[in-house]
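K.L.:
Would you mind keeping the following structure in view while I ask a few things?
The values are calculated or read from the model by the stated rules, or taken from the named source; none is laboratory data. Computed from a prediction, not measured in an experiment: that's the story for all the values here. All Cβ positions, glycine included, derive from the backbone under ideal geometry; neighbour counts span all protein chains shown. Calculation scope for accessible area: heavy atoms of the full protein, side chains included, ligands and nucleic acids excluded. Shrake-Rupley method; radii C 1.70, N 1.55, O 1.52, S 1.80 Å.
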Amino acid sequence: MTSDVRIFAPAKVNLILRVLDRRTDGYHNLWSLMQTVALEDELHIHVQSDATGVHLQCDDPTLPTDGRNLIARAAGVVLERAKLAVGLDIRIVKRIPVSAGLGGGSSDAAATIVGLNRLLALGWSASEMAHIGQVLGSDVPFFFFAPTARVRARGEDVAPVRLVGERWIVLVNPGFPVETRWAYNRLSATRNGMTALSQGIAALSGKPQVTWEEILPLMENDFEAALAPTHHVLEKMKRGLLSRGAEAALLSGSGSTVFGVFPYEESAIRVRDEMKRQHGWWVSVAKAGSSSLSPHETVPLNSLQVG
Ligand code: C5P
């Protein structure tokens, strides 16, 4: 058995995010089309069979590395389920902005489960891992069915979708976080009831395959209207992307990142450079959907055992 794994955890954007009714458990039912992008955190997991405890190291000093970290919680849930007591050293290289609507924490948690499933030879399926992951956060189950999936209920009803075509995503972040729970509260306080799903979105429900051309006119996110009165810069970022040729631009998740969809990499890079220079925002280009949670085993140089 190998004792090390390196795994990349991609960011996500919500191409569609409709927040529906509030449930009795306090969460909301959702209808979302989620898509990974090739902006990735990197996790290195090392198992020590003769030790116990989870030890985390992160290159971003602002993130907690104790039991509050979603990676530590994911590791704890996996070991408990597997009834195993081993030591884990986990090193994280953080590239996805935090509390930015890009699912970074959720993707890290999903990557931890995938990595440990491989390292500890647990044999869990994607559905089993998603079931385990859903207690950690509503966005976690999606990552086991990436790159594209239709997500409903609280986030646990996930159906993979094939999105045909290539696009480049320009991600723009203003440099401040938006707390998800706060955003949901704003949404409840600011809207007058819930609008039904558009016909176009409802029609997507049963489709296993869609094209970018079909999705672009349907892109919407209920958090845009909820955050507009308090966060004017989000509208400015969106206008900046649209005026520079984005086919569509939208808030991702509950913010604070806004993204634009571009048909060519060169134009996406030009827009990134312009927006960075003019506004000083954090801006990044990532290809849509070119990433998934696949573990890369790293075999120690002094070992001939591969497995
Ligand atoms: O599941 P997660 O920890 O990401 O959720 C953070 C907060 O977002 C929840 O406490 C809840 O207030 C809100 N939420 C919701 N409905 C969802 C997902 C999240 O109301 N489907």
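K.L.:
Highest GNM mean-square fluctuation, the chain, Cα pairs closer than 10 Å: which of VAL47, VAL172, VAL140?
P.N.:
VAL47
K.L.:
Using amide H atoms built in the peptide plane, which far-off residues or other-chain residues are under 5 Å from CYS58 H to H?
P.N.:
Under 5 Å from the amide H of CYS58 lie the amide H atoms of ILE92, each far enough along the sequence or on another chain.
K.L.:
Determine the sum of side-chain charges near ARG244: Lys and Arg each +1, Asp and Glu each -1, restricted to other residues whose C-beta is under 14 angstrom from that of ARG244.
P.N.:
+3
K.L.:
Can you list residues whose amide H is under 5 Å from LEU293's amide H, if they're 5+ apart or on another chain and H is modeled 1.01 Å from N?
P.N.:
So LEU293 has HN proximity to no qualifying residue.
K.L.:
Calculate one ³J(HN,Hα) per residue across region 219-227 by plugging θ = phi - 60° into the Karplus curve 6.51 cos²θ - 1.76 cosθ + 1.60, and present them in order as whole Hz with x for glycine and proline.
P.N.:
5, 7, 9, 4, 6, 4, 5, 5, 8
K.L.:
Mean separation of Cα pairs under 8 Å and 6+ residues apart, divided by the residue count of region 33-179: what relative contact order is that in percent?
P.N.:
26
K.L.:
Another question, if that's okay. Among LEU20, GLY53, VAL5, whose Cα projects farthest towards the positive end of the dipole of region 4-160, with charges put on the beta-carbon of Lys, Arg (+1) and Asp, Glu (-1)?
P.N.:
Final value for the positive-end residue is LEU20.
K.L.:
Which three semi-axes in whole Å describe the equivalent ellipsoid of region 86-140, each the square root of 5 times a Cα gyration tensor eigenvalue, listed largest first?
P.N.:
21, 15, 8
K.L.:
Between GLU166 and ASN29, how many nm apart are label points set 7 Å from Cα along the C-beta direction?
P.N.:
Distance between label points: 4.0 nm.
K.L.:
Which aspartates and glutamates, on any chain, are close to LYS238 with Cα under 12 Å apart, when same-chain ones fewer than 8 places away are left out?
P.N.:
GLU224, GLU247
K.L.:
Let me ask something else. In terms of the ratio Rg/(2.2 N^0.38 Å) built on C-alpha atoms, what value belongs to the chain?
P.N.:
Rounded to two decimals, the normalised Rg is 1.01.
K.L.:
May I ask for the Kirkwood hydrodynamic radius of region 4-160, worked out over all distinct Cα pairs and given in angstroms to one decimal?
P.N.:
Answer for region 4-160: a Kirkwood hydrodynamic radius of 15.8 Å.
K.L.:
Also: Taking a point 7 angstrom from the Cα of ASP60 along the C-beta vector, which residues in region 253-283 have backbone N less than 12 Å away?
P.N.:
256
K.L.:
If you count only protein heavy atoms and use a 1.4 Å probe, how large is the accessible surface of MET129, to the nearest 10 Å²?
P.N.:
20
K.L.:
Which distance in nm do the two modelled labels at TYR264 and HIS279 give, with both placed 7 Å along the Cα-to-Cβ direction?
P.N.:
With each label placed 7 Å out from Cα toward Cβ, I get 2.3 nm.
K.L.:
In nm², what is the average projected area of the convex hull enclosing the Cα atoms of region 163-287?
P.N.:
Average of the hull's projected areas for region 163-287 equals 8.2 nm².
K.L.:
Moving on to the next point. Over the chain, what relative contact order in percent results from Cα pairs under 8 Å that are six or more residues apart?
P.N.:
Value for the chain: 26 percent.
K.L.:
Still on this structure: Can you tell me the length gained on complete extension of the stretch GLU213 to LEU122, counting 0.36 nm per residue apart and subtracting the Cα distance?
P.N.:
So the extension gain works out to 28.7 nm.
K.L.:
A further question follows. Mean residue ellipticity at 222 nm from the helices of the chain, using -39,500 (n - 2.57) per DSSP H segment of n ≥ 4 over the full residue count, to the nearest 500 deg cm²/dmol?
P.N.:
Calculated mean residue ellipticity at 222 nm is -8500 deg cm²/dmol.
K.L.:
Whose amide H sits under 5 Å from the amide H of ALA9, counting only residues 5 or more places off or on another chain, with H placed in the peptide plane?
P.N.:
It is ASP41, GLU42, LEU43, by chain and number.
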